[in-house]
Every structure is written in structure tokens, then in C-alpha cells.
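The values are calculated or read from the model by the stated rules, or taken from the named source; none is laboratory data. The shown structure was predicted, so the numbers you read here are calculated from the model rather than taken from an experiment. Note: ideal-geometry Cβ built from the backbone for every residue, glycine included; neighbour counts use all protein chains shown. Accessible surface areas use protein heavy atoms only, side chains included; no ligands, DNA or RNA. Shrake-Rupley method; radii C 1.70, N 1.55, O 1.52, S 1.80 Å.
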Amino acid sequence: MNLSLGVLASGSGSNLQSILDACAGGSLDARVAVVISDNPDAYALQRGRAAGAAAVVVDPRTSASRAEHDGKVVAVLREHGADTVVLAGYMKLVTPVLLDAFPQRVINIHPALLPSFPGVHIHGEVLEHGVKFSGCTVHFVDAGMDTGPIIIQAVVPVRDDDTPDTLAARVLREEHRIFPQALQYLAEGRLRLAGRRVLLDPPCPSSGTLHNPTVCS
Ligand code: GAR
């Protein structure tokens, strides 16, 4: 199935760009119908326009509640024929108004290995905690914050000399790989929900164990 994507983005939009590139390159059977931002200055809007998508600002200051805001977002998504909603660096929590309008069709990327480190601006917390691996997660969105069923994750090592910025950059490179891949699995109709688990049909499992630092013996 060819997906018609509505991409919600608050900032730079490098994940949006990876999706636009995958669509243009033929590795993702989708088109970006509309980019919607809560931030009029988001560079993501320019990226969308440059690729021929509609780009719309829905300013949260014009709504009395998050639900009212999401009602306006849903109207724009419908107007542009979106069938799948992609949260690509979208910094607002979505409400049931959006989730109920697109059941099991709202997908988010998070720059950590969920369920660890939900929330925003988490790379500093990752370093402070001292975990040896971080990564990123693409998941279906449910009513919680970063709690929905996980579609795909990528793992990156944390280095002793990392800063939040160097870690963020390493994670972001993997985000740009797994987000288009997750959407392509969806486009191929290969994702099946079994409780909290998202199963890939036919399966395509990863193999291999990672150690950081290396196990020498
Ligand atoms: C990405 O790292 C994304 O995972 C994160 O914001 C960044 C947006 O970058 N999203 C969240 O933290 C959502 N809670 P981008 O605008 O360059 O795609």
C-alpha cells in the first residue's frame, strides 16, 4: 500500500528529510502529503515545501486546550488526505482526538532505547546515568508519553568522551535509517500487533550480541 503521510514536526526536520529522501529514492512506498508544525519557524516546513508537500502551521496559541489544537491538526490531515501520521521531532503530546482519528496509524521516533529515558532532552540524562548503550526507537503512539508498542530500535554505543551533542548526533544518524524502514514495513502490511509486541511478518530478525566496552576473552 502506498502511504499518504502527514508529518508533524517542531524543529529542524532532519527525520522528515530522511523520509522525503526515501520516498524520492524509491525505498519507501509513500508520499508526504502535508507537513504540519506547531512552530512557525520550524525548518521542517521549508524542507516539506522544497519537496512539493503542503506545509501548514497550526499555532497552539490559538487553541484553548491540547484537544482543540489536535482537532485543528486532524482537520488539516484530512484535508490533505493523510492516512498515516508521523511524529518527526514533534514536541507536543498528542491527545485522543488525534489518536482516535487515526487508530494505530500514528508513529513516533524517540531518541533513546524505550522504555528507558522517555521525555525530552534526554541525552544528558543518558550520560549522567552511565548506560553503555543508547539508541532510538520507532513506536506506535498510544495515550501515554513514549509508551506505545515498539516497531524497531537501533542501538549505538555511548563513549566515555561523549557530550549530549555528540551522542545526539550518533543517535540521529540511526534515526534516519530506522524511521523510513519502519514506515516501509507498515506500507508493506508486515506489522502485526500481538498485545504490546509488534511482530514483523515475514520475520527479519537481527542477530549478534553487543558489548561496550568489548569483552576481551
Ligand atoms: C530527533 O532526535 C527526534 O528523535 C527527537 O527530536 C529530534 C528531532 O530532530 N524527538 C523527540 O525528542 C520527541 N520526544 P529533527 O527535527 O532533525 O528530525
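Residue count for the stretch 178-210 under the criterion of being surrounded by fewer than 18 Cβ atoms within 10 Å (Cβ to Cβ) and assigned to a strand (DSSP E or B): the result is 6. When the stretch 41-52 is filtered for residues that are part of a loop (DSSP other than H, G, I, E, B) and within 15 Å of the ligand (Cβ to nearest atom), the ones remaining, listed by number, are Asp41, Ala42, Ala51.
Annotation: Met91 fulfils all but one of (1) free of Cβ contacts under 8 Å to residues at least 60 places away in the same chain; (2) hydrophobic (A, V, I, L, M, F, W, C); (3) open to solvent by 20 Å² or more (accessible area, probe 1.4 Å); the unmet one is (1).
Would you point out the residue of the stretch 64-88, among those that are small (Gly, Ala, Ser) and within 20 Å of Met145 (Cβ to Cβ), that is least open to solvent (accessible area, probe 1.4 Å)?
Of the residues in the stretch 64-88, the ones small (Gly, Ala, Ser) are 64-65, 67, 71, 75, 81-82, 88.
Narrowing the set further to residues that are within 20 Å of Met145 (Cβ to Cβ) leaves 65, 67, 88.
On the way: Ser65: 55, Ala67: 44, Ala88: 5 Å².
Across the stretch 64-88, the extreme among qualifying residues is Ala88.
Just one of the listed residues (Gly52, Gly13) is at positive phi and surrounded by 20 or more Cβ atoms within 10 Å (Cβ to Cβ), and it is Gly13.
Listed by first and then second residue, the pairs with beta-carbon distance under 6 Å, at least 6 apart or on different chains, first residue in the stretch 12-28 and more than 13 Å from the ligand (Cβ to nearest atom) and among the hydrophobic types (A, V, I, L, M, F, W, C), second assigned to a helix (DSSP H, G or I) and open to solvent by less than 30 Å² (accessible area, probe 1.4 Å), are Ala22/Pro180; Leu28/Ala22; Leu28/Pro180; Leu28/Leu183; Leu28/Gln184. The residues of the stretch 151-176 that are crowded, with 18+ Cβ neighbours inside 10 Å and hydrophobic (A, V, I, L, M, F, W, C), listed by number, are Ile151, Ile152, Ala154, Val156, Val158, Leu167, Ala168, Val171, Leu172. Checking each residue in the stretch 119-171 for being in a loop (DSSP other than H, G, I, E, B) and within 11 Å of the ligand (Cβ to nearest atom) picks out Gly119, Val120, His121, Ile122, Val141, Met145, Asp146.
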